[in-house]
Each structure stands twice: as structure tokens, then as C-alpha cells.
Amino acid sequence: MDLAKTIKTRRSIRRWKKKHVPSKLIKKAIELAAHAPSSMNSQPWEFIVVRNKKSLERLIKPRENGSSEEMQPPVIIAVCVDIKRSPKRWIEDGSCATQNLLLALHAMGIGAVWLTAYKHPILIRKSKIERTTIRTLKLPGHVRPVCLIALGYPDEKPKKKAMRSLNRMVHHETFR
Ligand SMILES: Cc1cc2nc3c(=O)[nH]c(=O)nc-3n(C[C@H](O)[C@H](O)[C@H](O)COP(=O)(O)O)c2cc1C
């Protein structure tokens, strides 16, 4: 698949077949994720691949919007960042790698969705999602979860996405 097609056809997938996703594919997708840009070339990522059923259930459950309650992904990749390596730009670093990961998985025929794994870094109290993620994955204090990528072979075909008009998004020289 060429790059434009990969980007344009990627959609969030929230239903998956019960088919095994080979570790080789996951490793390849993570390798591509790790080629993302990062602040000061810190490459601060820690990817945790989860297949254990109990852990998957624990990670999926505490969502507030309820949208993930029925999700049963065969695999989750937790995208985490070592804040010792990237103390100021860890969210951007984690997000860049995540987008690579989503595109790489899609290009391999695997469907995925980005699930929030923390509330917001300026909140002193961690959210339930973040606490559960840290506990389930046994993350040390300097490793922060950015998101959980739930993935598997797609068992749904999302409808075409309505797009905002480019004319409204693009500005020349100044905003007005
Ligand atoms: C930062 C971020 C957080 C997201 N969190 C969730 C989430 O917690 N649960 C969920 O079902 N989808 C989540 N998504 C997926 C978005 O809902 C989805 O990307 C959006 O609706 C656009 O659809 P598309 O991915 O099919 O293009 C998240 C996406 C991003 C970029």
C-alpha cells in the first residue's frame, strides 16, 4: 500500500476476530513506530505487548466513556515513555510513535484503536485508567503510559469518515 492510501484508509477498529496476531508482525510494527521523530532524538519509548486475558480485561475495563466495555482485543500494545529520557516532551514523543504504529499495523492488515491511558499530566491525582494501567503493567515511576493500542484482525468496516474541509483548516500567512 502506498503512503497516501495507508494514511487515508486507516480507521479506528474496535471489533476484532479471535485470530492470533503473530509476534513477528507486532515486532515489525513496533520497529516502525520507533523510527518516529523524538525530542532531542531521545527515542524514549517503552512498548509493552500484552496478550494475557486477565491483563487485557483489566486494561480495557476502567474507561469512563463506556465505549470500550465490549472491546475484546487479542493484543494491546501499551505505548509508554521514559520521562528520564524525555522529561518535557514525553507526550509528543509518545504520540509520534503511536501514529507510526497505527499506520504500520494498518498497512499489515491489522486494525487498531488508540485508547487513552492517562487523564492529563497537570492533574495531580492520577485517573483510574492511569492507575490501573500502571498497576497492571508494573510500570516504574519514571515510565508513563501515553496510550493503549488495542489491536487485532478487523471484524468491522467503519463507515466513511466525514472530513472537515481543507479550505477551513488551511490558512496562508496569517489566521485571518
Ligand atoms: C489522543 C486520542 C485519544 C483517543 N482515545 C480514545 C479512547 O479512549 N477510546 C476510543 O474508543 N477511541 C479513542 N480514540 C480514537 C478516536 O475516537 C478516533 O481516532 C476518532 O474518532 C477518528 O476516527 P478514526 O481513527 O477512525 O479516523 C482516541 C484518539 C486519539 C488521537
Would a scan of segment 40-52 turn up a residue that is within 15 Å of the ligand (Cβ to nearest atom) and of a type in the set (A, V, I, L, M)?
no
Of the residues in segment 132-173, those that are surrounded by fewer than 19 Cβ atoms within 10 Å (Cβ to Cβ) and assigned to a helix (DSSP H, G or I) come to R135, L166, N167, R168, M169
Within segment 27-53, restricting attention to residues that are touching a strand residue (DSSP E or B) at 6+ places or on another chain (Cβ under 6 Å) and either β-branched (V, I, T) or in a helix (DSSP H, G or I) (or both), which residue is surrounded by the fewest Cβ atoms within 10 Å (Cβ to Cβ)?
V49
Regarding R58, is this residue within 21 Å of K138 (Cβ to Cβ), at pLDDT below 95 and not small (G, A, S)?
yes
If a residue must be assigned to a helix (DSSP H, G or I) and not charged (D, E, K, R), how many such residues does segment 88-117 contain?
16
How many residues are within 15 Å of the ligand (Cβ to nearest atom) and closer than 25 Å to V81 by Cβ if we restrict to segment 1-32?
6
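The values are calculated or read from the model by the stated rules, or taken from the named source; none is laboratory data. Bear in mind the structure is a predicted one, so any value in this text is a computation, not a measurement. Here Cβ is always computed from backbone atoms with ideal geometry, including for glycine, and neighbour counts include all displayed protein chains.
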